[in-house]
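Notes follow once the structure below has been shown.
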Amino acid sequence: LHNLVFFNIIYGEGGLRMKILALDQASMITGWSVFDDEKLVAYGKLEMPKGSSVGERLVIIRNGVKALIDEYQITYVGFEDIQMQASVGNNVQTFKVLANVFGVILELCEELHMPYSVVSSVTWKSTFAIKGRQRAEQKRNAQLYVENTYHVQATQDECDAICIGAHIAKKNAGFNWT
């Protein structure tokens with residue numbers, strides 16, 4: 001694999017490819033997935049220590065995302081947009097913390113000159129027809145999609161990250177990078 005990176009492509013043995021890091025970011029558990037074009041190559045989660053402050057978690061998330069970018073030679077990052085949720089208790093405080101997490105990832109991408117996109121949950125769920133009346137049902141349906149498509153057992157956070165990555169890969173599939 002050559003180290004020639006131009007915007008969101010990388011030149012390797014098979015020609016030009018995207019190496020996507022997708023994130024379902026949160027302040028306690030951030031799900032992540034890595035796609036090489038449309039192929040899922042890795043997934044996992046960054047878990048924050050119990051009792052850690054918001055500031056400590058932001059540092060862990062930033063360092064963890066940077067380590068993933070370096071380890072997998074990422075050329076493109078996609079992460080989920082944030083929104084106020086009426087069904088979540090203490091919504092304003094939760095939204096503020098998620099905004100901090102969002103900002104840390106955004107700032108890291110800008111610092112690294114890393115191309116990125118922000119994907120709304122409605123958008124990636126629509127791409128794969130993931131439906132449900134309640135959030136829990138949608139989460140379970142995302143897990144079922146991942147199990148049936150990629151034949152892996154993953155947590156809800158990991159599945160959401162896989163779906164975000166798959167959405168970005170699908171959106172860019174067939175693009176002629178030459």
### Query
Residues ALA142, ALA154: which one is in contact with a helix residue (DSSP H, G or I) (Cβ under 7 Å, 6 or more places away or on another chain), within 17 Å of GLY44 (Cα to Cα) and without any contact (Cβ under 8 Å) to a residue 24 or more places away in the chain?
ALA142
### Task
Need at least 1 residues that are crowded, with 18+ Cβ neighbours inside 10 Å and among the charged types (D, E, K, R) per element, so show me which helices (runs of 4 or more DSSP H) inside the range 62-178 make the cut, counting only ones lying wholly within it.
121-127, 156-172
### Message
Which of the numbered conditions does GLY51 fail, given that it passes all the others? Conditions: (1) over 19 Å from HIS151 (Cβ atoms); (2) modelled with pLDDT under 95.
### Response
(2)
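From TYR72, TYR145, grab the single residue that is at pLDDT 95 or above and in contact with a strand residue (DSSP E or B) (Cβ under 6 Å, 6 or more places away or on another chain).
TYR72
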### Task
Exactly one condition in (1) over 26 Å from ALA136 (Cβ atoms); (2) modelled with pLDDT of 95 or more; (3) buried (at least 17 other Cβ atoms within 10 Å of the Cβ) is not met by LEU46; state its number.
(1)
### Query
Do the conditions hold for ARG140, that is, is it under 14 Å from LEU23 (Cβ atoms) and charged (D, E, K, R)?
no
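The values are calculated or read from the model by the stated rules, or taken from the named source; none is laboratory data. Note that this is a predicted model, so its numbers are computed, not measured. A quick note on method: Cβ atoms are made from the backbone with ideal geometry, for glycine too, and the neighbour counts reach across all protein chains shown.
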